[in-house]
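Novice: Let me begin by handing over the structure; questions about it come next.
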Amino acid sequence: MVLPIKNIQFMKNIYTVFCSLFLVFNIQSQDVPNKYAANVSSIDSIVSSIYEIVSGEKGEERNWELHQTIFHPEAQIISNYVDKNGEYQINFLTVDEYMDQYRDYFKENYLFEQDVNREIEKFGNMAHVFSTFESYEKPGDSIPYKKGTASIQLYNDGKRWYVLNMYYKNESKNEKVPEKYFSSN
């Protein structure tokens with residue numbers, strides 16, 4: 001079957017549009033990783049970036065572009081908490097859902113979070129980080145208002161590291177972070 005000339009020209013136009021869109025999106029997606037290349041170049045830098053993103057002054061917008069860059073597009077951020085009835089719960093969020101849910105909270109509050117200890121296990125392009133963190137209301141505060149732990153799974157595609165999942169738990173009145181997690185073994 002031979003296509004009429006009009007259909008061939010139409011197909012060429014469609015092909016050109018798709019190729020152009022692919023090129024534009026490919027160039028845009030490469031700009032962000034290059035902009036944050038240092039943040040995703042090592043396990044230590046990507047974990048430090050996690051805490052850098054949520055930390056900031058009241059009224060300060062967090063760097064959500066960096067947040068999207070360090071997490072794999074299909075990553076999940078999972079919180080482990082005790083509800084008002086004393087029952088354990090977990091909350092699974094995509095990267096975008098996390099940003100939507102916490103954007104206002106971070107902007108409306110002082111928060112300075114840092115990891116005080118991290119244990120890294122690595123096999124090839126796969127890594128796990130168990131990070132112990134402390135949260136402060138202001139830089140220079142000597143007593144954290146919150147402590148917790150995060151289990152962070154990472155993947156390296158041969159070019160850079162991505163966070164695949166982050167599963168975290170804040171300590172509570174009844175469950176304190178064990179002292180052994182505050183120092184390297």
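Novice: State whether one or more residues within region 165-179 are small (Gly, Ala, Ser), touching an Asp or Glu at 6+ places or on another chain (Cβ under 7 Å) and either outside any helix (DSSP H, G or I) or within 23 Å of Tyr36 (Cβ to Cβ) (or both).
Specialist: no
Novice: Continuing with this model, one more query. Could you check, for region 135-147, whether at least one of its residues is within 14 Å of Val47 (Cβ to Cβ) and touching an Asp or Glu at 6+ places or on another chain (Cβ under 8 Å)? Steps first, please.
Specialist: The first filter runs over region 135-147 and keeps only residues within 14 Å of Val47 (Cβ to Cβ), leaving none.
The answer is no; no qualifying residue exists.
Novice: So which residues in region 66-88 are open to solvent by 80 Å² or more (accessible area, probe 1.4 Å) and in a helix (DSSP H, G or I)?
Specialist: Residue satisfying the conditions is Gln68 alone.
Novice: Quick one: Leu3 ticks every box in (1) modelled with pLDDT of 90 or more; (2) surrounded by 10 or more Cβ atoms within 10 Å (Cβ to Cβ); (3) touching a helix residue (DSSP H, G or I) at 6+ places or on another chain (Cβ under 8 Å) bar one, so which box is it?
Specialist: (1)
Novice: Please enumerate the residues belonging to region 40-65 that are within 16 Å of Val116 (Cβ to Cβ), crowded, with 17+ Cβ neighbours inside 10 Å and not polar (S, T, N, Q).
Specialist: Val47, Ile50, Tyr51, Glu52, Val54
Novice: Since Gln101 meets every condition but one in (1) assigned to a helix (DSSP H, G or I); (2) over 21 Å from Trp64 (Cβ atoms); (3) in contact with a strand residue (DSSP E or B) (Cβ under 9 Å, 6 or more places away or on another chain), which condition does it not meet?
Specialist: (2)
Novice: Here is a follow-up. Restricting attention to region 145-153, does a residue exist that is open to solvent by 60 Å² or more (accessible area, probe 1.4 Å), touching a residue at least 12 places away in the same chain (Cβ under 8 Å) and within 27 Å of Asn34 (Cα to Cα)?
Specialist: Taking every residue of region 145-153 in turn, none turns out to be open to solvent by 60 Å² or more (accessible area, probe 1.4 Å), touching a residue at least 12 places away in the same chain (Cβ under 8 Å) and within 27 Å of Asn34 (Cα to Cα).
Novice: Just one of (1) over 16 Å from the mean Cα position of the chain (by Cα); (2) within 17 Å of Ile152 (Cα to Cα) trips up Glu87, so point out which.
Specialist: Result: Glu87 passes all but (2).
Novice: Further question on the same structure: For region 91-142, which residues satisfy the criterion of being touching a residue at least 40 places away in the same chain (Cβ under 8 Å) and under 17 Å from Gln153 (Cα atoms)?
Specialist: Across region 91-142, the qualifying residues are Asp115, Asn117, Arg118, Glu119, Ile120, Lys122, Ala127, Val129, Phe130, Ser131, Thr132, Phe133.
Novice: Quick one: in region 136-159, of everything that is closer than 19 Å to Ser48 by Cβ and β-branched (Val, Ile, Thr), which residue is farthest from the chain's Cα centre (by Cα)?
Specialist: Thr149
Novice: Given the criterion at pLDDT 95 or above, over 9 Å from the mean Cα position of the chain (by Cα), among the small types (Gly, Ala, Ser) and within 19 Å of Leu154 (Cβ to Cβ), identify the matching residue among Ser41, Ser45, Ser49.
Specialist: Numbers: Ser41 fails: at pLDDT 95 or above; Ser49 fails: over 9 Å from the mean Cα position of the chain (by Cα).
One residue alone meets the criteria, Ser45.
The values are calculated or read from the model by the stated rules, or taken from the named source; none is laboratory data. Here the structure is a predicted model, which means the values were calculated and not measured. Cβ coordinates were reconstructed from backbone atoms using ideal geometry, including for glycine residues, and neighbour counts include every protein chain displayed. Calculation scope for accessible area: heavy atoms of the full protein, side chains included, ligands and nucleic acids excluded. Shrake-Rupley method; radii C 1.70, N 1.55, O 1.52, S 1.80 Å.
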